[in-house]
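Here the structure is laid out as structure tokens; the discussion comes afterwards.
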Amino acid sequence: MTALLIENIAPLMFGALVVVLLLGYPVAFSLGAVGLGFGFLGIELGLLRPQLLQALPERIFGVMANDTLLAVPFFTFMGLILERSGMAEDLLETIGQVFGPIRGGLAFAVVFVGALLAATTGVVAASVMAMGLISLPIMLRYGYDRRLATGIIAASGTLAQIIPPSLVLIIMADQLGKSVGDMYAGAFLPGFVLTALYATYVIGVTVVRPSWAPALPLEARTMLEPNGASGNRSLLVLTACTASVATAFWQIYYDRYHPETATDERLVITMLVGIGVAFTAAVANKALKLGLLSRIAERVTFVLIPPLTLIFLVLGTIFLGVATPTEGGAMGATGALIMAISRRRLSLSLLKQAMNATAKLSTFVVFILIGARIFSLTFYGVNGHVWVEHLLTSLPGGQMGFLIAVNLLIFVLAFFLDFFELAFIIIPLVGPVAEKLGVDLIWFGVLLSVNMQTSFMHPPFGFALFYLRSVAAAKPYVDRVTGRTIAPVTTAQIYWGSVPFVLIQVLMVGLILSFPDLVSGGIAKKEKIDTRSLHIQIPGSKGGEGGVNFEQDDATKALERALRGEPEPAKSAGDEDDAAKALERALGDKNDDDKTGGKESADPGEQKPEQQ
């Protein structure tokens, strides 16, 4: 019995953790308790030494010294301030008026605003609750299908998990030992592809079931021109001019003069140029009273400037290399405070609420990480990582079989665990295996982050569904505009509404597996050095123009062979010197120079190699 226990202690430890979590105990304490329990058991069985547990204090101090995690409270604080600054209300009202005349207009507005909020707040709860409070009553007022309305709001809110600056990507980068900036760059394109898939689904609904997503009636359009026109033509002209200038800038500045620039940097700078053109046109039109832009065109421009400026402050500075993610988060938090002050929304009570919520979330993350460190110390001590590696590398299908199995595991566990728990428990186990199989860890992290989005949308435990349930009407109410009684939103409607968007998220996982460049296309390619072309050149020495340049340099060849891992070849009788003497000769020993008069090697057969 003891031998069987010793042989299978790693799978027993993992199984015990799953059982304790399913019993409903807090994740941080479950991880710590299972880790300590099996640690003492391993010591009793002779598998571990008692000195192993003395490493715990150092591992816990390592959590507190982790600079990457500093970004978590900054981005959380920024999101909570923005949630209460009135930005979401202005965005939803304005974009709703832009898309209102077309079928599904309010749903398109929710998707668009969800992407903008994701790129500014990075917090799912803030996005879902803000859009649920503002958009859901309007969508119900004008006859939207309840499943479509609740599903699009919850799904658009979860975009904050994949569009930078996402807390998931920060934790993922920390667990995989990669740069947060690279993880953000890798997730940039997939986030907006997923946004486009949501919008495509809405288009499909408006074609197949037009009654589910009607256009806004004329009396609900409040930003019409004096002659009754919508003003959207002026907005389209301004958008076309802005896009033309931005495209010209991309083609002339980047394609012609700087083709090596990474995609993420191109997008940020080109977006900044477009914003500048639109803002300049709107300011000039208003200040000089030119009358070239409609009310809606001016309104959209001025409403979009604050969030787009915040996006540049946070993501632009990170992608351009001006700031680290932590510094970008600090600038974003400062920008959010300035925005709240400018809107006269900042108060002492608001500041206290935001700081308390930030402290709670940050403490939650740190406690889970401490528990995960305790668990991993014992798990690695009993060679659990070897068991996981053997289990996953023995799967049929090689690299693709491993990726499919891990994504299925994440998808199933997402029914019961949220993304923090998945990131701290599963990623440290599968990350080393992925690296051993040759999987790029940035690509792997973005792939799993898209998959982890489903943890917010899975019935019955999806957190985005709970956030929406907390703000959706649970009882019948009288609409203040139409005076009609609106039926409550049921939990079943929220659950069924989430199903199509979970399938879309799974489709996005499949797209990343099929088209890896969706992730790697946004990452700057690092130049690889070919060690076979290495040559040592020491300036200031005699023996060649501008430096050392002697035939068949033994020292250089020895270094090249060492870098390539090749064995040292046998010396022939005709060899003049070994590598060390050749290097001494290259350094231009003064005494030798005095004796030889600074001449080249005495062997007439030596000739200078060509510069490579």
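The values are calculated or read from the model by the stated rules, or taken from the named source; none is laboratory data. The shown structure was predicted, so the numbers you read here are calculated from the model rather than taken from an experiment. With ideal geometry, Cβ positions are generated from the backbone for all residues, glycine too; neighbour counts draw on all protein chains shown. For the accessible areas, the whole protein counts, side chains as well, though only heavy atoms, and no ligand, DNA or RNA atoms are used. Shrake-Rupley method; radii C 1.70, N 1.55, O 1.52, S 1.80 Å.
Please verify whether ALA473 is over 18 Å from the mean Cα position of the chain (by Cα) and crowded, with 23+ Cβ neighbours inside 10 Å, treating the condition exactly as stated.
Working: over 18 Å from the mean Cα position of the chain (by Cα): yes; crowded, with 23+ Cβ neighbours inside 10 Å: no.
It is false that ALA473 is over 18 Å from the mean Cα position of the chain (by Cα) and crowded, with 23+ Cβ neighbours inside 10 Å.
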### Task
Would you be able to tell me the number of residues in the range 414-444 that are open to solvent by 20 Å² or more (accessible area, probe 1.4 Å), touching a residue at least 40 places away in the same chain (Cβ under 8 Å) and part of a helix (DSSP H, G or I)?
6
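Residues that are open to solvent by less than 40 Å² (accessible area, probe 1.4 Å) and among the small types (Gly, Ala, Ser): find the helices (runs of 4 or more DSSP H) completely inside the range 1-112 holding 3 or more of those. Please lay out each step first, then the result.
On the way: elements: 2-7, 9-22, 27-45, 56-64, 71-83, 87-99.
In the range 1-112, 9-22, 27-45 are the helices (runs of 4 or more DSSP H) which contain 3 or more residues that are open to solvent by less than 40 Å² (accessible area, probe 1.4 Å) and among the small types (Gly, Ala, Ser).
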### Task
Starting from the range 469-485, keep only residues that are at negative phi, then list their pairs with residues that are open to solvent by less than 60 Å² (accessible area, probe 1.4 Å) and basic (Lys, Arg) whose Cβ atoms are within a distance under 7 Å, requiring at least 6 positions of separation or different chains.
ASP479/ARG141; VAL481/ARG141; THR482/ARG141
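Considering each of GLY157, GLY105, GLY151, GLY96 in turn, give the residue that is within 20 Å of VAL489 (Cα to Cα), more than 19 Å from the chain's Cα centre (by Cα) and of a type in the set (Gly, Ala, Ser). Spell out the reasoning first.
On the way: GLY157 fails: more than 19 Å from the chain's Cα centre (by Cα); GLY105 fails: within 20 Å of VAL489 (Cα to Cα); GLY96 fails: within 20 Å of VAL489 (Cα to Cα).
The match here is GLY151.
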### Task
Determine whether the range 441-461 contains at least one residue that is under 20 Å from the mean Cα position of the chain (by Cα) and farther than 19 Å from ALA160 by Cα.
yes
## Note on the structure
Cβ pairs under 6 Å, 6+ apart or interchain, first in the range 55-75 and farther than 18 Å from GLY371 by Cβ, second crowded, with 16+ Cβ neighbours inside 10 Å and among the polar types (S, T, N, Q), ordered by first then second residue, are LEU70/THR326; ALA71/THR326; PRO73/THR358; PRO73/SER362
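Going by what's in this entry, would ARG266 be described as basic (Lys, Arg), in a helix (DSSP H, G or I) and under 24 Å from PRO165 (Cβ atoms)? Walk me through it before giving the result.
Working: basic (Lys, Arg): yes; in a helix (DSSP H, G or I): yes; under 24 Å from PRO165 (Cβ atoms): yes.
Yes: the conditions hold for ARG266.
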### Residues (touching a residue at least 60 places away in the same chain (Cβ under 8 Å) and among the small types (Gly, Ala, Ser)) located in the range 253-279
ALA262
### Message
Going through VAL180, VAL202, VAL208 one at a time, which residue ends up being over 18 Å from MET452 (Cα atoms), modelled with pLDDT of 85 or more and open to solvent by less than 20 Å² (accessible area, probe 1.4 Å)?
### Response
VAL202
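When you check LEU197 against the structure, is it within 21 Å of GLY462 (Cβ to Cβ), open to solvent by 10 Å² or more (accessible area, probe 1.4 Å), at pLDDT 85 or above and among the hydrophobic types (A, V, I, L, M, F, W, C), yes or no?
Working: within 21 Å of GLY462 (Cβ to Cβ): yes; open to solvent by 10 Å² or more (accessible area, probe 1.4 Å): yes; at pLDDT 85 or above: yes; among the hydrophobic types (A, V, I, L, M, F, W, C): yes.
When the stated conditions are applied, LEU197 passes them.
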### When residues of the range 211-221 are limited to those that are at pLDDT below 85 and more than 14 Å from ALA109 (Cβ to Cβ), the one least open to solvent (accessible area, probe 1.4 Å)
PRO217
### Message
Being within 12 Å of LEU369 (Cα to Cα) and at pLDDT 80 or above is true for just one of PHE40, PHE29. Which residue is that?
### Response
PHE29
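Quick check on ALA130: is it touching a residue at least 12 places away in the same chain (Cβ under 8 Å), out of contact with any His (no Cβ under 7 Å at 6 or more places or on another chain) and surrounded by 24 or more Cβ atoms within 10 Å (Cβ to Cβ)? Working first, answer last.
Numbers: touching a residue at least 12 places away in the same chain (Cβ under 8 Å): yes; out of contact with any His (no Cβ under 7 Å at 6 or more places or on another chain): yes; surrounded by 24 or more Cβ atoms within 10 Å (Cβ to Cβ): yes.
Yes, satisfied.
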### the range 85-112 residues that are without any contact (Cβ under 8 Å) to a residue 60 or more places away in the chain, paired with ones that are part of a helix (DSSP H, G or I) and of a type in the set (Gly, Ala, Ser) (beta carbon under 7 Å, 6 or more apart)
ALA88/ALA130; LEU92/ALA109; LEU92/SER135; PHE99/GLY105; PHE99/ALA109; ALA109/GLY96; VAL110/SER135; VAL110/SER156
## Note on the structure
Restricting the range 226-236 to residues that are in contact (Cβ under 8 Å) with a residue 12 or more places away in the chain and in a helix (DSSP H, G or I), the one surrounded by the fewest Cβ atoms within 10 Å (Cβ to Cβ) turns out to be ARG233
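Condition check ((1) at pLDDT 85 or above; (2) surrounded by fewer than 18 Cβ atoms within 10 Å (Cβ to Cβ); (3) under 30 Å from VAL72 (Cβ atoms)) across all residues:
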{"position": "LEU224", "(1), (2), (3)": "no, yes, no"}
{"position": "CYS241", "(1), (2), (3)": "yes, yes, no"}
{"position": "THR247", "(1), (2), (3)": "yes, yes, no"}
{"position": "VAL283", "(1), (2), (3)": "yes, yes, no"}
{"position": "ALA287", "(1), (2), (3)": "yes, yes, no"}
{"position": "GLY316", "(1), (2), (3)": "no, no, yes"}
{"position": "GLY321", "(1), (2), (3)": "no, yes, yes"}
### Message
What's the total number of residues in the range 100-130 that are more than 18 Å from GLY157 (Cβ to Cβ) and of a type outside the set (Gly, Ala, Ser)?
### Response
3
### Task
Answer yes or no: is there a residue in the range 377-384 that is modelled with pLDDT of 85 or more, assigned to a helix (DSSP H, G or I), on the phi < 0 side of the Ramachandran plot and within 25 Å of the chain's Cα centre (by Cα).
no
### Task
Please determine, by comparing only the residues of the range 483-498 that are aliphatic (A, V, I, L, M) and within 18 Å of THR454 (Cα to Cα), which one is surrounded by the fewest Cβ atoms within 10 Å (Cβ to Cβ).
ALA492
